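A.B. asks: Let me give you the structure first, and then I'll get to my questions.
Quick note: the coordinates plus some simple rules give every number you see, no bench work behind them. Because the structure is a prediction, the values reported are computed rather than measured. So basically every Cβ, Gly included, is an ideal-geometry build from the backbone, and we count neighbours across all protein chains shown.
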Amino acid sequence: MSQFRKNADGENVAWAIWRRLDTPGHDAARLVRAGAGYLLAGTAVFLHAKGPACIGYQVQVDHEWSTIYGQIEGFVAGETVRHEIGRDGDGWRLDGSMMPDVAGLRDLDLGFTPATNLLQLRRAGPQLGRRAELTVAWFDIGETRITALPQVYIRRSETTYEYSAPSVPYEAVLEMAPNGFVQSYPHLWMMEESAAPPGMA
């Protein structure tokens, strides 16, 4: 049985579907209002190094777009994948274990989807011509810990950011869709369709 948190079907805010570029795959996600905050939920289906993968994910954020909770559940080849990530005043936990290396961070970044960049940029994205240095709590399939991932966003236009993650390393110009999701993630993801309800802020 799914361990995903039950959530009333909130008001849709935005949704999108992407095609993966470095391996066969797709990802679809939507953002809905959830209480005073928002819930990002989606599913990534792609070819992992071990075999076919199907991973559902949820990230809940508060009214300031700071992560409260995250969860992933699915399979990679013949192996079940299930993790719970929590953040509160004591810090971050992965499956109940404290993660001291990411204490004080506010954003969860899931490495297998392009969807979580929206949450970071809604919370702390820079104004036009400005730079933002964000260190996020990063987690990917096959990892046993949440790690700190420094990132830099420089906003070059209303829809483009120079992005770099030096420790990976990765750098590129990200193009954003009008609804706030990443539209072009060079060499990794390309959005195929997106939408937002009329009048979305």
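A.B. asks: How long are the semi-axes of the equivalent ellipsoid of segment 19-98, defined as square roots of 5 times the Cα gyration tensor eigenvalues? Whole Å, largest first. Intermediate results must be reported in sequence, preceding the final value.
C.D. replies: Working: eigenvalues 132, 56, 16 Å².
Sorted largest first and rounded, they come to 26, 17, 9 Å.
A.B. asks: While we're on this one: Sorting check: for 150-162, 89-101, which peptide has the highest mean count of neighbouring beta carbons within 10 Å, and how do the rest follow? Present the calculation step by step, with values, prior to reporting the outcome.
C.D. replies: Working: 150-162: 15.7, 89-101: 12.8.
In descending order of packing, they fall as 150-162, 89-101.
A.B. asks: Something else about it: When the chain is fully extended, how far beyond the present Cα-Cα distance does Glu11 get from Ser157, taking 0.36 nm per residue of separation? Spell out each step's value before the answer.
C.D. replies: On the way: separation 146, 0.36 × 146 = 52.56 nm, distance 2.90 nm.
49.7 nm is the gain from fully extending Glu11 to Ser157.
A.B. asks: If you don't mind, there's one more thing I want to ask. Provide the net charge surrounding Trp15, with neighbours chosen by a C-beta distance below 10 Å and charges set as Lys +1, Arg +1, Asp -1, Glu -1. Kindly include the intermediate steps, with their values, before the conclusion.
C.D. replies: Values: positive: Arg30; negative: Glu193.
Taking every Cβ under 10 Å from that of Trp15, the sum is 0.
A.B. asks: Moving on. Please give the net charge around Thr116, taking every other residue with its beta carbon less than 12 angstrom from that of Thr116, where Lys and Arg add +1 and Asp and Glu add -1. Mind dumping the intermediate values first?
C.D. replies: Numbers: positive: Arg122, Arg123; negative: Asp27, Asp107, Asp109, Asp140.
Summing Lys and Arg as +1 and Asp and Glu as -1 gives -2.
A.B. asks: Could you list the residues of segment 22-36 with an amide nitrogen less than 13 Å from a label point located 7 Å from the Cα of Glu193 in the Cα-to-C-beta direction?
C.D. replies: Counting backbone N atoms under 13 Å from the label point, the list is 28-29.
A.B. asks: To make sure I understand, if each residue's beta carbon is the centre and we count other beta carbons within 10 Å, what order do His48, His63, His26, His83 fall in, fewest to most?
C.D. replies: Details: His48 20, His63 9, His26 14, His83 17.
Fewest-to-most Cβ neighbours within 10 Å comes out as His63, His26, His83, His48.
A.B. asks: Two-decimal Rg/Rh of segment 91-199 from alpha-carbon positions, Kirkwood Rh?
C.D. replies: Details: Rg = 14.4 Å, Rh = 14.8 Å.
Looking at segment 91-199, the ratio lands at 0.98.
A.B. asks: Something else: Where the centre of each part is set by its Cα atoms, how far does segment 35-52 sit from segment 149-182, in angstrom?
C.D. replies: Each part reduced to its Cα centre gives a spacing of 20 Å.
A.B. asks: Then there's this: If you take every DSSP beta bridge fully contained in the chain, what fraction is antiparallel? Give it as a percent rounded to 5.
C.D. replies: Rounded to the nearest five, the antiparallel share is 95 percent.
A.B. asks: Using the Kirkwood formula on the Cα atoms of the chain, what hydrodynamic radius do you get, in angstrom to one decimal? Can you show the working numbers first?
C.D. replies: On the way: mean 1/r = 0.0583 Å⁻¹.
Roughly 17.1 Å, rounded to one decimal.
A.B. asks: Something else now. Tell me the relative contact order for the chain as a rounded percent, counting alpha carbon contacts under 8 Å between residues six or more apart.
C.D. replies: Values: 465 pairs, mean separation 34.5, N = 201.
RCO, the chain: 17 percent.
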